[in-house]
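Read-outs: derived from the displayed coordinates by stated rules, not from any lab. Here the structure is a predicted model, which is why all the values come from computation and not from measurement. FYI the Cβ positions are ideal-geometry reconstructions off the backbone, even for glycines, and counts take in every protein chain you see.
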Amino acid sequence: MTDEDAVALAHEMFDMARQGRTEDLSALLDAGAPVDLTNAKGDTLLILAAYHQRPGTVRALLERGADVERLNDRSQNALTCAVFRQDTEIAGLLLDAGADPDAGAPSSRATAQYFGLPDMTALLERGQR
């Protein structure tokens, strides 16, 4: 595989995460592609799947060991994206996987408070064990 082919494949993987193409992405990960692949903005596959509200893809990435605490270049993680998008299913998956509501800047908790999202604030409080 040439460098150009590798870059094209990486871009395709980011698109798979955004689009929720879980089976295709899982096959590549199972073949050895890195689960914490990061784009030029520091977004991981997990961050992209969470932001684009793809719970099946989030679940598959978590099952393969995706780092729930990984921050992008804006100091945001997947949980912050789920909170911002008010996606309780994905936020719950991430919390169950050990995501810290106080990680990042702004943190998930701060994001919920800033945008006045009481349901997300409550979920984050319940998520702390």
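Assorted remarks:
- Set of region 12-50 residues, backbone N closer than 17 Å to the point 7 Å along the Cα-Cβ line of ASP3: 40
- Sites matching GluC sites (Glu not before Pro) across region 68-129 that sit in DSSP coil, with at most 15 neighbouring C-beta atoms within 10 Å: GLU69
- Estimated purely from DSSP H runs of n ≥ 4, each contributing -39500 (n - 2.57), the mean residue ellipticity at 222 nm for the chain is -16500 deg cm²/dmol once divided by its residues.
- Placing R0 at 41 angstrom, the Cβ-Cβ distance between ARG18 and ALA105 gives a FRET efficiency of 0.95 after rounding to 0.05.
- Fewest-first sequence of HIS11, HIS52 by Cβ atoms within 10 Å of each Cβ: HIS11, HIS52
- Ranked list, fewest to most other Cβ atoms within 10 Å of each Cβ, for VAL58, VAL68, VAL35: VAL35, VAL68, VAL58
- Taking only alpha carbon atoms, the chain gives an Rg to Rh ratio of 0.99, where Rh is the Kirkwood radius.
- Simple spin-label estimate for ASP119 and ASP96 in nanometres, 7 Å along Cα-Cβ: 1.8 nm
- Spatially, region 1-46 and region 52-129 are offset by 21 Å when compared through their Cα centroids.
- Distant-in-sequence amide H partners of GLY42 (H built 1.01 Å from N, under 5 Å): ASP73
- Residue-count net charge about GLN76 - beta-carbon cut-off 14 Å; Lys, Arg +1, Asp, Glu -1: -1
- Over the chain, relative contact order from alpha-carbon pairs under 8 Å, at least 6 apart, %: 19 percent
- Choice from ALA31, ALA103, ALA49 with maximal GNM fluctuation in the chain (Cα, 10 Å cutoff): ALA31
- Space enclosed by the convex hull of the alpha-carbon atoms of region 79-129, per residue, Å³: 57 Å³
- Gain on full stretching of the segment that runs from ALA27 to HIS11 - 0.36 nm per residue minus C-alpha separation: 4.2 nm
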